[in-house]
Structures are given as structure tokens and as C-alpha cells.
Amino acid sequence: MRRADRRCLPALALALCFALVAGFARAATTGVEDHLKQLLNQRFPGVKIDAVEPSPIAGLYQVISGDKVVYVDASGEHLIAGNMMDTQTKMNLSEEAVDDRYAVDFKTLPVGDAIKIVRGNGKRKLALFEDPDCPFCQQMERGMASMSDVTIYLFLFPIPQLHPNALKDAKLIWCAPDRASAWTNWMVYRTPIPGGGSCADDPIARINTLAQSLHITATPTIFLQNGHRIGGAIPMGQLQQMMAQASSAPLAAAKTSPN
């Protein structure tokens, strides 16, 4: 019995040592992040800093403000503006940081303000924020036209600064007799939108407020059913793969909820 105790005690001590070191490391990292946030708030008082986190590069911290990311060293004396790329995967790590930061609880999205499009059994779910005159949205919609077994909640998010007719076209689509068909036919085939574009109520102003609360400034923006956010159009094969992963591995907790 004593021999067994002598074997276990060093292993237990080593485990406790590792746990203590990890705890000190987390505390030290948190201290640096808090210091950097306080310092940057002082030096850039007009900028709202949403998060300061360790970046994929040791010793470099990512500072997230809305949909923008910059990088600072641990002293806060040096700042780097620009995207961080993974040279092996070619992924934009700055965009991924924003997408991870602004994940949502999918169930809290106000889907009553969205156009609901059901294909096949509708088992998989997507929420899309799109501008009816956005060429990247049109490209993605053409790729999604053959997607089956999915429920899409389409939030009309026109950006008139980029597309002057987008607000008018969004209202026409919402007020059409069959919104889902009007949307798909317009985006995929450029079929003229039926109807007069006038109805009792449209949700576009509410969606604009929602988009602001979710830090959405560009289209398309995609939310998977596990709440993960994807900024921008991506290849259909990649989207299908991410949808499969989302259905099997839900997010533990969302960082952003609609107001």
C-alpha cells in the first residue's frame, strides 16, 4: 500500500503543479488584457473597444471594435492595423475573430421579421442578412438554389449607400404576394418583382436596428444554426460542410444576443 502511495503522490503533485501554473498563466493573461483595454480606452477615447484577446501569435493581442480588428503588443505601445492570414489554410484570421466574437443564440433571432424559405424537409437552418442588389448575395443565392433540406430565414438588409435602389427593391419583395418566390426569382433569375411595393408594415427598419446590435455592416452575413457567424459569401461546398458541423456541435454559449 505504501509503495502504491509513493507512486501516486509524485503524479498528483505534478498535476497540481501544472494546474497552478495554468491558473497563474490565465490570471496573468487576463491582467494584460484588462491593462490593454484600459490603456487603449485612454488613448483612443472615441473608439468603443468590445474585446481584447490573445491572438494566434504569442505576445500579440487582438483588439476587436465592431467589425474591425487591430493588433497590439503586451505593452500597448505598438499597434498593427491589417488582416492576419494563416499561410497554410489561407484563412483570414481577423475575419474569423470577428465572426467568433459575434456568434448569437439562433433561437433569439426574430424570425417573424424574416422571409422563411423551406426546401425539402427543412431540417437544417440558416439565417441570412442580404441586400437584394448586392452582387455577392446574388452569387451566393445562385449557389444555394439547389440546396435541399434547409430552412432559410432571410432578413432583408438593404444598404442604400452602396445600392441606391436596394431599399425600394427590398420593400417590393416584402410586399409581394409570395415573398419567398419573389426573393429567389429576383436574386437567381433577375425576374421583375411582382406587386406594387406597398403594404401595411415592413420590418426593414427593425432589421436595420437588429443588424446594428449584431455588428453587421456588410452583406451577405450568415448565421448557422449553432449561432456561428460567417461574414461574406463562401463556396457552397464549404458552407455545406460548416452546416453539417453546426448541426452536430452546437456552440456552448453565444457572445451576442439581439437587443
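The numbers here are math on the coordinates, done by the rules we state, and not lab data. Remember, predicted model here, so these are calculated numbers, not experimental data. All Cβ positions, even for glycine, are placed from backbone atoms using ideal geometry, and neighbour counts span all protein chains on display.
Tabulated results
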quantity: Residue-wise HN-Hα coupling along segment 173-188, computed from phi with Karplus coefficients 6.51, -1.76, 1.60 (Hz; x: Gly, Pro); calculated: 5, 5, 8, 5, x, 10, 4, 4, 5, 4, 5, 4, 5, 5, 6, 8
quantity: Relative exposure of Arg190, Arg179, judged by other C-beta atoms within 10 Å (fewest first); calculated: Arg190, Arg179
quantity: Packing-based exposure ordering (other Cβ within 10 Å, fewest first) of His228, His163; calculated: His163, His228
quantity: Residues Val118, Val111 arranged by fewest to most Cβ contacts within 10 Å; calculated: Val118, Val111
